[in-house]
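Here is the structure we will look at, set down as C-alpha cells.
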C-alpha cells in the first residue's frame with residue numbers, strides 16, 4: 001500500500017515519527033508521501049524525507065496559507081532540483097469555503113504551482129473545496145501541457161470528476177469515503193476508473209471509521225482501502241495493487 005497524502009510534519013505524527021513509520025510498515029505500506037503546506041512546513045518535510053527510505057515529499061503552499069506565505073515557480077523548481085526525494089508539487093489549489101475573499105492570492109499561487117509542474121513534469125497535488133468551476137477553468141487553460149494532476153482527498157461532484165477525467169486526472173480517496181453521510185462520494189468513486197484512483201489518509205486529519213474522531217495516521221489507510229474495495233466490488237488486494245501501481249505510474253514514470 002501507499003499513503004499518497006499525509007502530513008508527517010504535523011503533530012502528533014512528528015514527535016512520534018519512529019513509531020508512525022513502524023506501524024506503517026507493519027500493515028504493509030511501502031511508501032509515504034508527506035505533503036508541504038507552507039514554507040515552514042516544507043523545511044520540515046525536507047528533513048523528514050531523510051528519516052526513512054519509504055518517505056517522499058512535496059513542495060507547495062496550501063491555499064489557506066497564500067495570504068501570508070508566497071511562493072513562485074522558480075523557488076519550487078530550485079528545491080525540486082536540490083532534493084531527489086521531493087517528487088511532487090503541492091498541495092496547492094483553491095479553497096473558498098473559509099475565505100472567499102482571498103481569491104486573488106489563491107489563484108495567483110495556484111498558477112505558480114501549475115507553471116512549475118509543467119516545467120518540471122512533476123505531479124500537481126490539488127486541493128479544491130467550494131471551487132469546482134474555478135479549479136477546472138484554470139486547469140483547462142493548461143490542457144495542452146500534459147499536466148500530471150492528482151485531486152487530493154477528492155470530495156467533488158460526479159460532474160466535476162467527469163470534467164477532470166478529460167484532463168487525465170487522478171483522484172485520491174481519503175477516510176471520508178468510510179463516513180455514513182458520504183453516499184454521493186461513494187457513488188463517484190464507484191464510477192471512477194480503477195486506473196485513476198489512489199488512496200490516502202490526509203493524516204493527522206480525517207481518520208476513517210472505525211477511528212473517526214481520533215488523530216489519524218498512515219496505518220489507518222487499511223480501513224480506507226477496504227472500503228474502496230467494497231465500493232468497487234473487488235478484493236482489497238486488488239485495490240492495493242491497483243492504487244500502488246497508479247501511484248508509481250504517476251510519480252515515478
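Bear in mind that the values in this text are calculations on the coordinates, not laboratory data. Here the structure is a predicted model, which is why all the values come from computation and not from measurement. Using ideal geometry, Cβ is built from the backbone for each residue, glycine included, and neighbour counts are taken over all protein chains shown.
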Residues being closer than 24 Å to residue 88 by Cα and out of contact with any helix residue (DSSP H, G or I) (no Cβ under 9 Å at 6 or more places or on another chain): count how many of those fall in segment 173-216. 1
Identify all residues within segment 138-159 that are under 17 Å from the mean Cα position of the chain (by Cα) and over 16 Å from residue 89 (Cβ atoms); write none if there are none. 153, 154, 155, 156
Can you tell me which of (1) surrounded by fewer than 20 Cβ atoms within 10 Å (Cβ to Cβ); (2) under 22 Å from residue 199 (Cα atoms); (3) in contact with a strand residue (DSSP E or B) (Cβ under 9 Å, 6 or more places away or on another chain) is the one residue 151 doesn't meet? (1)
